Amino acid sequence: MTPRIVCYGDSNTYGYDGCDPFGGRLPANARWVDLLGGMLGCECLNCGLNGRTVPHVPRTVEADLALLRRHAPCTLVIVLLGTNDLLTDTEPEETAERMRRFLARLKETLPETAVLLVAPPPVEDFGEGYAFAFEELAGLYAEHAGELGVGFVDTAGWGVQTAGDGVHFSERGHRIFAVKMAQTVRALLLNR
C-alpha cells in the first residue's frame, strides 16, 4: 500500500509566504509538504494552519484530533509545532508538556498510525533567549517522544533558510526541509 502522510503544523507547514506583504501562500510546488509527497511518491496531506500552537484546550484538542481522524487510515502523522508557543512567551517546559499530552491523545485516537514529532528550527535574529528556548524545547520533545514511543527529529541543524522575517521558511528553506524530511521519513518507515 502506498504510504499516506498527514502533515500537521503551523504556518511553515501551511506554506505561508513570508515575503508577501498581504500574507499569501507559496504555490504547492514550493511547499515542503507537497515536495515531500513528490520525493516519496506518496500522498502528503497538508494540515497546516497559520498561528497554530500546541493544542491544550480540550475543545481544540478534540477538534484537531477529529481533523486528523478524518484523514485515516494514514501511515504517518508528522507533527511540527512549538514555534508560535515560544514566540508568545510560553515556556519550553509548558509547551513540551502540552505536546506530551496531545501526542498521548493522538496515539489513543490513531493507534495504528506512526507519529513523527519534529522540533522546529530556531527562529533567526530574535536573541539568545529564543535560541536557548528552541534548544531546550528540542531536548524536552526528544524525551517525551522516547517515553511515548514516537519518532523524533530535531531540525536545528538542517540549515533551513527563512524568507527574511526570521520565522517563515523561504522557498529554498522549504526545499531543504523537504529533502531532510524525506530522509527522516524513509528511515522511520523502514524501521517500523
All-but-one check, ASP89 against (1) of a type outside the set (A, V, I, L, M); (2) surrounded by fewer than 17 Cβ atoms within 10 Å (Cβ to Cβ); (3) on the phi < 0 side of the Ramachandran plot, failing number (3)
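A quick yes/no check of all residues on (1) at pLDDT below 95; (2) more than 13 Å from the chain's Cα centre (by Cα); (3) surrounded by fewer than 17 Cβ atoms within 10 Å (Cβ to Cβ); (4) hydrophobic (A, V, I, L, M, F, W, C):
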| site | (1), (2), (3), (4) |
| --- | --- |
| GLY24 | yes, yes, yes, no |
| ASP34 | no, yes, no, no |
| GLY37 | no, yes, no, no |
| GLY48 | no, no, no, no |
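Check segment 127-138 and report whether any residue there is among the charged types (D, E, K, R) and crowded, with 17+ Cβ neighbours inside 10 Å.
Checked segment 127-138: no residue is among the charged types (D, E, K, R) and crowded, with 17+ Cβ neighbours inside 10 Å.
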Odd one out for VAL54, checked against (1) β-branched (Val, Ile, Thr); (2) touching a residue at least 24 places away in the same chain (Cβ under 8 Å); (3) not in a loop (DSSP other than H, G, I, E, B): (3)
Evaluate segment 170-187: report whether one residue or more is polar (S, T, N, Q), under 14 Å from VAL115 (Cβ atoms) and assigned to a helix (DSSP H, G or I). yes
Whichever residue in segment 108-126 is closer than 20 Å to PHE177 by Cα and surrounded by fewer than 16 Cβ atoms within 10 Å (Cβ to Cβ) and, among such residues, is nearest to the chain's Cα centre (by Cα): GLU124
Unique match (being part of a helix (DSSP H, G or I), free of Cβ contacts under 8 Å to residues at least 60 places away in the same chain, in contact with a helix residue (DSSP H, G or I) (Cβ under 8 Å, 6 or more places away or on another chain) and not β-branched (Val, Ile, Thr)) among LEU36, LEU68, LEU106: LEU106
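Here's the yes/no breakdown for (1) farther than 19 Å from TYR14 by Cα; (2) charged (D, E, K, R); (3) touching an Asp or Glu at 6+ places or on another chain (Cβ under 6 Å):
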| residue | (1), (2), (3) |
| --- | --- |
| GLU112 | yes, yes, no |
| VAL123 | no, no, no |
| GLY129 | yes, no, no |
| GLY157 | yes, no, no |
| THR162 | no, no, yes |
| PHE177 | no, no, no |
| GLN183 | yes, no, no |
| ARG186 | yes, yes, no |
| LEU190 | yes, no, no |
Of the criteria (1) among the β-branched types (Val, Ile, Thr); (2) within 14 Å of TYR8 (Cα to Cα); (3) without any contact (Cβ under 8 Å) to a residue 40 or more places away in the chain, which one THR90 fails: (2)
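The values are calculated or read from the model by the stated rules, or taken from the named source; none is laboratory data. Note that this is a predicted model, so its numbers are computed, not measured. No Cβ is skipped: glycine too gets one built from the backbone with ideal geometry, and neighbour counts run over all protein chains shown.
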